[in-house]
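Trainee: This is the structure, below, for whatever I ask next.
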Ligand code: PMP
Ligand code: GLN
């Protein structure tokens, strides 16, 4: 007789708020997907691939050309070299890569540390592996942490640290010194580090993006996870990938071949065209997102929201505690139903949402929408 093993995870907050946005005809600043598509050249490459009979299973590890291009891009952006044959693997989105990482590297009773608030699939991955997700709450209002915050949570059961930078939902891009603190704890306690870098190209104000694997002694203990979803504005394609040394890649590949086996072949071919875009593409992407960030944040500030300005990603979390006594979940629903602007409550990104909701009042706004949509959202909030 099947049990209700997974029912506690219910419906994802992204699904819930998008459904509420549709129901109430609200501007959807909740779920993080752009309301514009990536470049036509990428779509055309995928269409050509479908029409050119390139539609059967890809190699489980990913089509070779894509892995070669990913290797070249990583070398260009970080100086790190990864072998396409033994160190790079293509997944069905970063979500699958994360899930496979949890299953590959954690066993029953193990602990994995991550900063809270965190992306919603992390607890589910830990649960699937029988592991415990131990949260390190980032300190408000700047979403920082100390080495002690991290080190004090390491136990004999800790196996790994999962680091998401640029960070969803806070928009933090961890500084080199913060990344060094994490690296030091990992080395001191012989921990694996899994880095979720899906917003790697969305770093603003010419800030430096420090990749964990570039720090001394970290490449061999780091699994880098990224995705084409945000970089190429194609969130529905679900093409993600990992970079990791061979001994870690072998484990990941073993799990991946029995979860989905391979990501969609023609979409992998399409993404090859994405990786052939020139530097101009990335510069424009960043410039346009920075413009959207400034537009949204200036508007929210003039309305009275308080926040730490996001350094990266396409999210801003805003403090409304001086405006309303509603919990963040009620406030998000109220904004959706009454103001017709959907947002995401942030307490759901903690291990104990009810407790988090008593301590802070933050909602997340997504600015991966064209300026006209952001303008409509701000006008509605202003009234
Ligand atoms: N990690 C973070 C922090 C994210 O925000 C997302 C966005 N969905 C993902 C992973 C998943 O990426 P993908 O859509 O490629 O599965
Ligand atoms: N990453 C997106 C966000 O944070 C949502 C992804 C999803 O819906 N699974 O809004």
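The values are calculated or read from the model by the stated rules, or taken from the named source; none is laboratory data. Values in this document were obtained by computation on a predicted structure and should not be read as measured data. Don't worry about glycine lacking a Cβ; one is built from the backbone with ideal geometry, like all the others, and counts go over all protein chains shown.
Trainee: With respect to residue 130, is the statement that it is out of contact with any helix residue (DSSP H, G or I) (no Cβ under 9 Å at 6 or more places or on another chain), at positive phi and more than 16 Å from ligand 2 (Cβ to nearest atom) true? Break it down stepwise before answering.
Mentor: Details: out of contact with any helix residue (DSSP H, G or I) (no Cβ under 9 Å at 6 or more places or on another chain): yes; at positive phi: yes; more than 16 Å from ligand 2 (Cβ to nearest atom): yes.
Yes, satisfied.
Trainee: In addition: Can you find, within segment 317-335, the residue that is nearest to ligand 2 (Cβ to nearest atom) among those that are assigned to a strand (DSSP E or B) and out of contact with any helix residue (DSSP H, G or I) (no Cβ under 6 Å at 6 or more places or on another chain)?
Mentor: Pass one, segment 317-335, residues assigned to a strand (DSSP E or B): 317-319.
Right, trim to out of contact with any helix residue (DSSP H, G or I) (no Cβ under 6 Å at 6 or more places or on another chain) and you get 317, 319.
Numbers: 317: 12, 319: 19 Å.
Taking the candidates together, the pick is 317.
Trainee: Out of curiosity, is residue 217 more than 16 Å from residue 183 (Cα to Cα) and surrounded by fewer than 19 Cβ atoms within 10 Å (Cβ to Cβ)?
Mentor: Numbers: more than 16 Å from residue 183 (Cα to Cα): no; surrounded by fewer than 19 Cβ atoms within 10 Å (Cβ to Cβ): yes.
No; evaluated as a whole, the condition is false for this residue.
Trainee: Need pairs with beta-carbon distance below 6 Å; first residue closer than 11 Å to residue 20 by Cβ and touching a residue at least 40 places away in the same chain (Cβ under 8 Å) and within segment 322-344, second away from ligand 2 (no atom under 16 Å from the Cβ) and in a loop (DSSP other than H, G, I, E, B); sequence gap 6+ or separate chains.
Mentor: 336/24; 337/24
Residues are listed down the side, and each one gets a yes or a no for (1) within 16 Å of ligand 2 (Cβ to nearest atom); (2) in contact with a helix residue (DSSP H, G or I) (Cβ under 7 Å, 6 or more places away or on another chain):
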residue	(1), (2)
4	no, no
8	no, no
11	yes, no
19	yes, no
35	yes, yes
50	no, yes
54	no, yes
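Trainee: Applying the selection to segment 148-168, what residues are outside any loop (DSSP other than H, G, I, E, B), away from ligand 2 (no atom under 16 Å from the Cβ) and in contact (Cβ under 8 Å) with a residue 12 or more places away in the chain? Even if it seems obvious, please write down each step before you answer.
Mentor: Start the filter on segment 148-168 by keeping residues that are outside any loop (DSSP other than H, G, I, E, B), which leaves 148-151, 158-164.
Okay, now just the ones that are also away from ligand 2 (no atom under 16 Å from the Cβ), so 148-151, 158-161, 163.
Those that are outside any loop (DSSP other than H, G, I, E, B), away from ligand 2 (no atom under 16 Å from the Cβ) and in contact (Cβ under 8 Å) with a residue 12 or more places away in the chain: 149, 150, 151, 158, 159, 160, 161, 163.
Trainee: Check off (1) surrounded by 23 or more Cβ atoms within 10 Å (Cβ to Cβ); (2) within 16 Å of ligand 2 (Cβ to nearest atom); (3) over 21 Å from residue 79 (Cβ atoms) for residue 238 and give me the number that stays unchecked.
Mentor: With (1) surrounded by 23 or more Cβ atoms within 10 Å (Cβ to Cβ); (2) within 16 Å of ligand 2 (Cβ to nearest atom); (3) over 21 Å from residue 79 (Cβ atoms) applied to residue 238, the lone miss is (1).
Trainee: Follow-up question, since we're still on this one. Could you please tell me which pairs satisfy a Cβ distance under 8 Å, a separation of 6+ or placement on different chains, a first residue in segment 70-89 that is more than 23 Å from residue 60 (Cβ to Cβ), and a second residue that is in a loop (DSSP other than H, G, I, E, B)?
Mentor: 75/81; 75/82; 77/200; 78/211; 80/211
Trainee: Can I ask one more? Taking segment 213-266, which residues are away from ligand 1 (no atom under 16 Å from the Cβ), part of a loop (DSSP other than H, G, I, E, B) and out of contact with any helix residue (DSSP H, G or I) (no Cβ under 9 Å at 6 or more places or on another chain)?
Mentor: Residue satisfying the conditions is 261 alone.
Trainee: Conditions: (1) closer than 30 Å to residue 296 by Cα; (2) surrounded by fewer than 23 Cβ atoms within 10 Å (Cβ to Cβ); (3) in contact (Cβ under 8 Å) with a residue 12 or more places away in the chain. Residue 177 meets all but one. Number of the miss?
Mentor: Only one criterion is unmet by residue 177, namely (3).
Trainee: Against the condition in a helix (DSSP H, G or I), within 16 Å of ligand 2 (Cβ to nearest atom) and within 21 Å of the chain's Cα centre (by Cα), how does residue 286 come out, does it pass?
Mentor: So residue 286 fails the test.
Trainee: Look at segment 177-212 and say how many of its residues are within 16 Å of ligand 2 (Cβ to nearest atom) and part of a loop (DSSP other than H, G, I, E, B).
Mentor: The qualifying residues number 6.
Trainee: Also: Output yes when any residue across segment 142-160 is at pLDDT 95 or above, buried (at least 19 other Cβ atoms within 10 Å of the Cβ) and closer than 21 Å to residue 249 by Cα, and no when none is. Working first, answer last.
Mentor: At the first step, the residues of segment 142-160 found to be at pLDDT 95 or above are 142-160.
Still in the running and buried (at least 19 other Cβ atoms within 10 Å of the Cβ): 143, 150, 158, 160.
The next check asks that each one be closer than 21 Å to residue 249 by Cα; those that pass are 158, 160.
Within segment 142-160, one or more residues are at pLDDT 95 or above, buried (at least 19 other Cβ atoms within 10 Å of the Cβ) and closer than 21 Å to residue 249 by Cα.
Trainee: Kindly check whether there is at least one residue in segment 317-330 that is within 19 Å of the chain's Cα centre (by Cα), over 13 Å from residue 30 (Cβ atoms) and surrounded by fewer than 22 Cβ atoms within 10 Å (Cβ to Cβ).
Mentor: No, segment 317-330 contains no residue that is within 19 Å of the chain's Cα centre (by Cα), over 13 Å from residue 30 (Cβ atoms) and surrounded by fewer than 22 Cβ atoms within 10 Å (Cβ to Cβ).
Trainee: Since residue 205 meets every condition but one in (1) more than 28 Å from residue 321 (Cβ to Cβ); (2) more than 16 Å from ligand 1 (Cβ to nearest atom), which condition does it not meet?
Mentor: With respect to (1) more than 28 Å from residue 321 (Cβ to Cβ); (2) more than 16 Å from ligand 1 (Cβ to nearest atom), residue 205 is out only on (1).
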